[in-house]
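Below you'll find the structure, written out as structure tokens, and then a few comments.
The values are calculated or read from the model by the stated rules, or taken from the named source; none is laboratory data. From a predicted model like this one, the values you see are computed outputs, not experimental measurements. Note that we place each Cβ from the backbone using ideal geometry, even for glycine, and neighbour counts take in every protein chain shown.
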Amino acid sequence: NRDNSFAVRFPEGLRQTPDSVARQEQWFRDAKFGAFIHFGVYSTLEGEYQGRGSGFRYSEWIQISAKIPAEEYHQVAARFNPAEFDADQWAKTFKDCGIRYVVITSKHHDGFALFKSLVSDYNIVDYTPFKRDIIKELSEACHRQGLKFGVYYSHAQDWDEPDAPFLNNRAKRTDIHPDLPDDFRPDIDRYITRKSLPQVEELVKNYELDLIWFDTPVEMNLERVKRFSEVVRKHRPDCLINSRIIHSGRGTIEAQYLPYYDYVSIGDKEVPTRKLPLYVESPDSVSSSFGYKTKGECYYHSEKEMIDRFVHTVCAGGNALINNGPMGNGRLDPEAVRLYGAIGDWLKVNGESIYATRRNPLPERPAWGDASVNKDGKTLYLHVLEWPESGALGVSGLPGVVTSASFLAGGDAAPFSQQGDALTLSLPAAPLDPYDTVIKLSLDTPAGSGSARS
Ligand code: H79
């Protein structure tokens, strides 16, 4: 059963709030392609610290995987100097690859902020020789390029704060804070009041945020979620909020929390395979890590995998937020840029089958690929991810009569015949695109909304 293998469960009858839909419709639903950026102190370590830690998949977890005490990690932070960081160059690279929005780690679980903060001097401006506010520079550069801009913020976990909840299955709180008194009792609300809530307020007040990406909701509850959501809504009512404010990306979505966020983040690196009742975003990555990693196990996806994952996400009715981990010197990872470029080159030819489309309206996801549809329901895009050797491509469950069929690459007509709701297309021997050949069908009857089938 597909539903059970999917990490997020959507109970029957869930409906998004009208406010959330209105916020999404300002830009989010049409954007489809976002760049996620994991950048911080950990980027300089590349997955290993003094020979330890590389066994962990995620390099941004190095403080836990290598059990680095706060005092030592502070010394690494105090040397953080991404001197080659160029916000305009980053933003232009993303824009050229067809990316429509950018979400960067303003503070990951290590507690170090990439923005000027009066709440804590453990931030890039006050703590490092670099002294520049990365969030400010990147937000301005993105907006100059016409990209939307958002920040990731770790609102619950903060390894630098003994009061914050600690995932203690891999390291103990005292591995990081060896001098804590024996009777120390962590108090998450003290941490929220002193650091994470006021830093979120700084972010929404001081930066032009289109989106805030909370992660991960360890020990969150209704009262805590309301505090975070309300401070965002108060200062920046149009700013989108993701579901990680309360939902981890696994397990059941609870209706009582729907007013406090705007869309659902599915599991990390999860590719949706079916129609979903709420608007989703998949936090994917070009590689097996989020932070830049060169030590220990790390693989990059192939160009084909990137396009398959991207296309299935959009055809399931969602956005792909695809991560890259910039290098400690402040430059983008060339491998990430190459993989973004593969999607970007494909989008230059096939973008109309992605941007502003809606999810597959056919009753099933076809075995050879997937489908998307334009907003008025009258143009269907067939994404042929696996080229049929027979030369015949079958489509069933069509809502109306097909009046024309053509290849998006080049525009040539594709011969077809229709019988009832079943269509057969005759394809050339070789695909027109090495990854996804798109065929555009015009219908005489609009396809329905493709409402969720459970
Ligand atoms: O920011 C990225 C991750 O660092 C963050 N979410 C994405 C977007 C994240 N936080 N928590 N988790 C992911 C889940 C925890 C996974 C872990 Fe593990 C299991 C951490 C330690 C054990 C996998 C195995 C990662 C490191 C070892």
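Do any strands (runs of 3 or more DSSP E) lying entirely in region 344-454 carry at least 3 residues that are closer than 29 Å to Arg100 by Cα and not polar (S, T, N, Q), and which ones are they?
Numbers: elements: 369-373, 379-384, 392-395, 402-407, 416-419, 422-426, 437-443.
Passing ranges, in order: 369-373, 379-384, 437-443.
What are the residues in region 79-119 that are more than 16 Å from the ligand (Cβ to nearest atom), in a loop (DSSP other than H, G, I, E, B) and in contact with a Phe, Trp or Tyr (Cβ under 9 Å, 6 or more places away or on another chain), if any? Steps first, please.
First, pick out the residues of region 79-119 that are more than 16 Å from the ligand (Cβ to nearest atom): 79-100, 115-119.
If we keep only those that are in a loop (DSSP other than H, G, I, E, B) as well, we get 79-86, 97-100, 115-119.
Matches in region 79-119: Phe80, Asn81, Pro82, Ala83, Phe85, Cys97, Gly98, Ile99, Arg100, Phe115.
From the list Trp387, Trp346, pick out the single residue that is within 25 Å of Met306 (Cα to Cα) and in the same structural domain as Lys95 (by TED's automatic domain parsing). Don't jump to the end; show me each part of the working.
Values: Trp387 fails: in the same structural domain as Lys95 (by TED's automatic domain parsing).
Every option except Trp346 fails the conditions.
Suppose the filter is farther than 27 Å from Ala342 by Cβ, of a type in the set (A, V, I, L, M, F, W, C) and either in the same structural domain as Ile307 (by TED's automatic domain parsing) or assigned to a loop (DSSP other than H, G, I, E, B) (or both); does Ile64 pass it? Break it down into steps so the answer makes sense when it comes.
Details: farther than 27 Å from Ala342 by Cβ: yes; of a type in the set (A, V, I, L, M, F, W, C): yes; either in the same structural domain as Ile307 (by TED's automatic domain parsing) or assigned to a loop (DSSP other than H, G, I, E, B) (or both): yes.
Here the answer is yes, as Ile64 does meet what is asked.
Matching residues to (1) within 12 Å of the ligand (Cβ to nearest atom); (2) part of a helix (DSSP H, G or I); (3) among the aromatic types (Phe, Trp, Tyr); (4) at pLDDT below 95:
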site	(1), (2), (3), (4)
Leu203	no, yes, no, no
Trp213	yes, no, yes, no
Ser229	no, yes, no, no
His247	no, no, no, no
Gly291	yes, no, no, no
Thr294	no, no, no, no
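So how many residues does region 249-270 have that are more than 15 Å from the ligand (Cβ to nearest atom) and assigned to a loop (DSSP other than H, G, I, E, B)?
Within region 249-270, residues that are more than 15 Å from the ligand (Cβ to nearest atom) and assigned to a loop (DSSP other than H, G, I, E, B) number 4.
Within the set of pairs 6+ apart or on separate chains, which have a first residue in region 178-189 that is of a type outside the set (A, V, I, L, M), a second that is surrounded by 11 or more Cβ atoms within 10 Å (Cβ to Cβ) and modelled with pLDDT of 95 or more, and C-beta atoms under 6 Å apart?
Note: pairs meeting the criteria are Pro178/Pro69; Pro186/Asp163; Asp187/Asp163.
Only one of (1) more than 16 Å from the ligand (Cβ to nearest atom); (2) modelled with pLDDT under 95 fails for Ala70. Which number is that?
With respect to (1) more than 16 Å from the ligand (Cβ to nearest atom); (2) modelled with pLDDT under 95, Ala70 is out only on (2).
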